């Protein structure tokens with residue numbers, strides 16, 4: 001199996017994982033707490049982005065411009081998810097400003113420096129740091145309030161675990177994405193993005209677990 | 001991916017990703033273990049707190065029962081028998097009696113009824129110190145000391161320096177503590193020649209001290225388990241000290257008397 005074929009296989013697997021996760025969320029939507037409902041809406045937008053990206057790729061059109069849009073949507077919705085989970089008035093006050101600032105950064109970056117053939121590592125790194133900060137706040141709340149007796153029964157713990165694994169694992173890929181393209185073979189770059197796609201599968205598996213378990217406080 | 005530099009970079013690159021993934025796993029594992037440990041610690045604390053609360057509740061209930069028993073005994077043995085005697089005398093007055101005897105009997109009934117009134121006042125004062133509610137802690141302690149001195153078993157000296165009175169609930173708790181400590185001294189301080197009571201309010205600290213020069217007793221070493229469970233009186237003192245969020249210091253030794261001090265910081269004064 002060539003690296004391209006392997007990447008296509010992994011990408012299809014990730015799309016399947018995303019579809020299953022989104023459908024799980026739709027099926028259980030009424031029983032879900034507000035924070036997970038936000039996550040399901042975000043997953044719906046994720047599905048739309050994947051469809052658009054795939055369609056553009058099939059028609060040999062550049063699809064990298066979708067990335068800043070998706071990053072902005074992801075930060076906005078994850079901030080909403082964690083706002084509902086944290087329930088801290090201070091965070092609720094600052095959330096629209098922080099998420100709004102990132103959305104503005106994405107819009108300006110996409111508008112002023114449009115890219116069709118290169119990645120945007122800075123934007124990806126900032127996004128990862130912001131998402132990891134949200135997870136950090138949630139972990140701090142877990143340790144300070146000690147309300148959760150079983151972490152494996154806590155949906156937001158699974159969401160946060162998926163994000164930690166995905167973000168920490170992907171940071172290096174984001175950092176070296178353009179360097180790989182310019183200095184090394186296409187094969188290595190494809191292998192790196194295959195790893196990123198696998199990390200996305202892990203993320204969706206964690207989301208799916210969070211959507212299926214019943215929270216027990 | 002054939003050139004050696006690319007192979008070297010690839011191994012470093014993927015090794016770096018693996019390291020980051022290990023770090024992520026380690027972070028999650030640390031969170032799980034640490035959270036579990038904190039939770040167990042919290043559960044242990046809650047269990048200890050619950051046990052302590054239960055012990056306090058048991059002490060309160062026991063103290064209430066003993067107090068009821070004491071009131072019942074006072075009523076039965078004191079006021080009850082006095083009134084019964086008065087009733088007998090009143091019955092005798094109904095019969096044919098010479099006038100002189102009737103006058104004597106009437107005088108006796110009046111005297112007995114006077115004693116009964118005094119007994120009722122004593123019981124009611126022990127139930128609720130009216131002086132405390134009307135005039136405050138300093139006057140109530142003075143009254144307590146006066147009554148004790150009238151009994152004459154042990155000379156009690158009182159020193160009061162109390163410029164800023166506390167709330168009634170706190171004064172009542174301090175009064176009860178003092179009452180119990182004095183009662184303990186009368187009961188257990190064999191050979192004592194003096195009993196000192198001090199109430200001092202200096203700076204941010206209010207101190208109530210009760211000292212005697214009696215036989216004393218051997219206190220258990222700090223941290224050592226008590227040989228026997230403390231009596232109801234001592235437990236009720238502990239309960240009140242905790243309710244006041246005060247500190248209790250006891251010092252005693254065979255032949256050295258007993259010195260008890262209750263310290264109430266101003267931060268807990270309502």
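Readers should treat all values here as calculations from the given coordinates under stated rules, not as data from a laboratory. No experiment lies behind these values; they were computed from the predicted model shown. Neighbour counts are summed over all protein chains in view; Cβ atoms, including those assigned to glycine, are modelled from backbone coordinates with ideal geometry.
Return the distance in nm (one decimal) between the two label points of a simple spin-label model at residue B:194 and residue B:66, each offset 7 Å from Cα along Cα→Cβ.
Computed distance between label sites residue B:194 and residue B:66 equals 3.0 nm.
At 7 Å along Cα-to-Cβ for each site, give me the label-to-label distance between residue A:212 and residue B:46 in nm.
Once both label points are built, they end up 3.0 nm from each other.
Measure nothing but the geometry: give the 0 to 90° angle between the long axis through the Cα atoms of B:81-94 and the longest principal axis through the Cα atoms of chain B, rounded to 10°.
Tilt relative to chain B: about 30 degrees.
Compute log10 of I(q)/I(0) for chain A with the Debye formula, placing one identical point scatterer on every Cα and leaving out solvent, at q = 0.10, 0.16, 0.17 Å⁻¹, to two decimals.
The calculated log intensity ratios at q = 0.10, 0.16, 0.17 Å⁻¹ are -0.46, -1.17, -1.31.
May I ask you to derive the FRET efficiency for residue B:94 and residue B:115 from their Cβ-Cβ distance with R0 = 30 Å, giving the value to the nearest 0.05?
Rounded to the nearest 0.05, the efficiency is 0.85.
For the Cα atoms of chain A, what angle does the longest principal axis make with the long axis of helix A:155-183, in degrees from 0 to 90, nearest 10?
Result, in degrees: 20.
Relative contact order of segment B:1-127: what whole-number percent is it, with Cα pairs under 8 angstrom and at least 6 residues apart?
Averaging sequence separation for qualifying contacts and normalising by length gives 22 percent for segment B:1-127.
Answer rounded, prolate or oblate for segment B:63-206, using the Cα gyration tensor with square roots of eigenvalues a ≥ b ≥ c: rounded when a/c is under 1.5, else prolate when a/b is larger than b/c, else oblate.
prolate
Please work out the Cα convex hull volume for segment B:1-127 and give it in Å³ per residue.
89
Just to confirm the number: angle between the C-alpha axis of helix B:4-73 and the first principal axis of chain B, 0 to 90 degrees, nearest 10?
Helix B:4-73 sits roughly 10 degrees off the main axis of chain B.
Let me understand segment A:63-116 better: what is its radius of gyration from the alpha carbons, and its Dmax, in angstrom?
Calculated on Cα positions, Rg and Dmax stand at 12.8, 41 Å.
Per the helix-only calculation at 222 nm, which mean residue ellipticity applies to chain B, given -39500 (n - 2.57) for every DSSP H run of n ≥ 4 and division by its residues, nearest 500 deg cm²/dmol?
One gets -22000 deg cm²/dmol as the mean residue ellipticity at 222 nm.
Rg and Dmax of chain B, using alpha carbons, in Å: what are they?
Rg, Dmax (Cα atoms, Å): 32.6, 140.
Antiparallel versus total DSSP beta bridges in segment B:129-270: what percent is that, nearest 5?
Once the DSSP bridges in segment B:129-270 are tallied, antiparallel ones form about 75 percent.
Which percent of Cα-Cα pairs in the protein assembly as shown sits in each 20 Å bin, short to long?
With 20 Å bins starting at 0, P(r) equals 17, 29, 17, 20, 13, 4, 1, 0.
Is segment A:89-217 best put as rounded, prolate or oblate by its Cα gyration tensor, with a ≥ b ≥ c the root eigenvalues, rounded for a/c under 1.5, and otherwise prolate when a/b is larger than b/c, oblate when not?
Note, shape of segment A:89-217 comes out oblate.
Taking Rh as the Kirkwood radius, which is the inverse of the mean 1/r over Cα pairs, what is the Rg/Rh value for segment A:49-157?
1.07
Once the Cα atoms of segment B:129-270 are picked out, what are the Rg and Dmax in Å?
For segment B:129-270, the Cα-based Rg and Dmax read 14.9, 44 Å.
Whole number please: convex hull volume per residue of the Cα set in segment A:114-172, in Å³?
Convex hull volume per residue, Cα atoms: 90 Å³.
Report the antiparallel proportion of the DSSP beta bridges in the protein assembly as shown as a percent, rounded to a multiple of 5.
Close to 75 percent.
Select from B:236, B:124, B:11 the residue whose mean-square fluctuation is largest in a Gaussian network model of chain B (Cα-Cα springs shorter than 10 Å).
Maximum among the listed residues: B:11.
Quote the relative contact order of chain A in percent (integer), defining contacts as alpha-carbon pairs under 8 Å separated by 6+ residues.
In percent, rounded to a whole number, it is 31.
I need the shape label for segment A:140-188. Rule: rounded when a/c is under 1.5, else prolate if a/b > b/c, else oblate, with a, b, c from the alpha carbon gyration tensor.
Cα axes put segment A:140-188 in the prolate bin.
For a footprinting-style exposure proxy, rank B:128, A:105 by other Cβ within 10 Å, fewest first.
B:128, A:105
Just to be sure I understand: of the beta bridges DSSP finds with both ends in chain B, what percent are antiparallel, rounded to 5?
75
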